[in-house]
1. Is it true that residue 177 is within 16 Å of the ligand (Cβ to nearest atom) and at negative phi?
2. Exposed (fewer than 15 other Cβ atoms within 10 Å of the Cβ), closer than 29 Å to residue 68 by Cα, within 13 Å of the ligand (Cβ to nearest atom) and free of Cβ contacts under 8 Å to residues at least 60 places away in the same chain: does that describe residue 225?
3. Across the stretch 228-245, what is the total count of residues that are touching a residue at least 12 places away in the same chain (Cβ under 8 Å) and assigned to a helix (DSSP H, G or I)?
4. Those residues that are within 18 Å of residue 168 (Cβ to Cβ) and within 16 Å of the ligand (Cβ to nearest atom), I need them from the stretch 200-222; list them, please.
5. Find the strands (runs of 3 or more DSSP E) located wholly in the stretch 4-105 whose residues include 1 or more that are within 27 Å of residue 154 (Cα to Cα), and list them.
6. Kindly check whether there is at least one residue in the stretch 249-272 that is part of a helix (DSSP H, G or I) and surrounded by 13 or more Cβ atoms within 10 Å (Cβ to Cβ).
7. Within the stretch 111-129, does at least one residue satisfy the condition of being in a strand (DSSP E or B) and closer than 20 Å to residue 19 by Cα?
8. Test residue 113 against the stated conditions and say whether it is away from the ligand (no atom under 14 Å from the Cβ) and buried (at least 22 other Cβ atoms within 10 Å of the Cβ).
Ligand SMILES: C[S@@+](CC[C@H](N)C(=O)[O-])C[C@H]1O[C@@H](n2cnc3c(N)ncnc32)[C@H](O)[C@@H]1O
């Protein structure tokens, strides 16, 4: 078996709220890695990371690349991943830190890990507490009750997606809903109206939807504003808003399958044991 090359990548998540949501394992990598490369927007979290890291590289300025003609968010993500890789190639143990979960609606960590492994380096991702974890706890919705669909708002708008309005729907990044340039960091009432029109194929316009923002420090309380779907175009959407759409209808029993299951012979006890 070939030995991994010197240089290693560990991608960690800091949770949504730094105090208390960072796992002990992630913290230990942040403290012991040769360098921490991070895209953490919260300035208190960033300062804390800078203080405990041996060396710190901030990736946030790379978002300004979107202002350059011909470049968009994907160029920014590729450049972030390339910076992480450069550090790994120099033989360092690199801890790449992202807020929330490093791999949930966060393509940079996935790109960097794939590239590092392709070049023969050890690379892994540690899970973190994501916005979705926080909303389950704050709003008090169990995804197991109805099932859950979770997707990016613009992706939902751009592609043919089949929604199930008997399940919970989580739409990420509604603040840039409908931005086809992948350069902007805002949306408009007109684009949100297009989103509402598409959702209205499956949901009534008076269906309650929740604008959710997890607390990002221990002194904040989460935002959980319930509005009617039709009012979304005039709602205040921030970079940290997630749109939560509870099920609109009760689950409908699939009687044909239930009948099929009932018609199956009961498993014999001795056969069940060896299965
Ligand atoms: C690029 S994704 C990052 C998600 C992050 N990796 C995670 O694990 O939650 C950005 C989107 O995550 C959601 N988000 C980020 N911060 C949030 C917060 N404090 N509360 C609720 N949703 C948040 C919003 O939908 C936002 O547009």
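1. It is true that residue 177 is within 16 Å of the ligand (Cβ to nearest atom) and at negative phi.
2. no
3. 5
4. Within the stretch 200-222, 209, 210, 211, 212, 213, 214, 222 meet the criteria.
5. Qualifying strands (runs of 3 or more DSSP E): 8-13, 35-39, 93-98.
6. no
7. There is no residue in the stretch 111-129 that is in a strand (DSSP E or B) and closer than 20 Å to residue 19 by Cα.
8. The answer is yes for residue 113.
Quick note: the coordinates plus some simple rules give every number you see, no bench work behind them. The structure displayed is predicted, hence computed values, not measured ones. In this analysis, Cβ positions are derived from the backbone assuming ideal geometry, glycine residues included, and neighbour counts consider all displayed protein chains.
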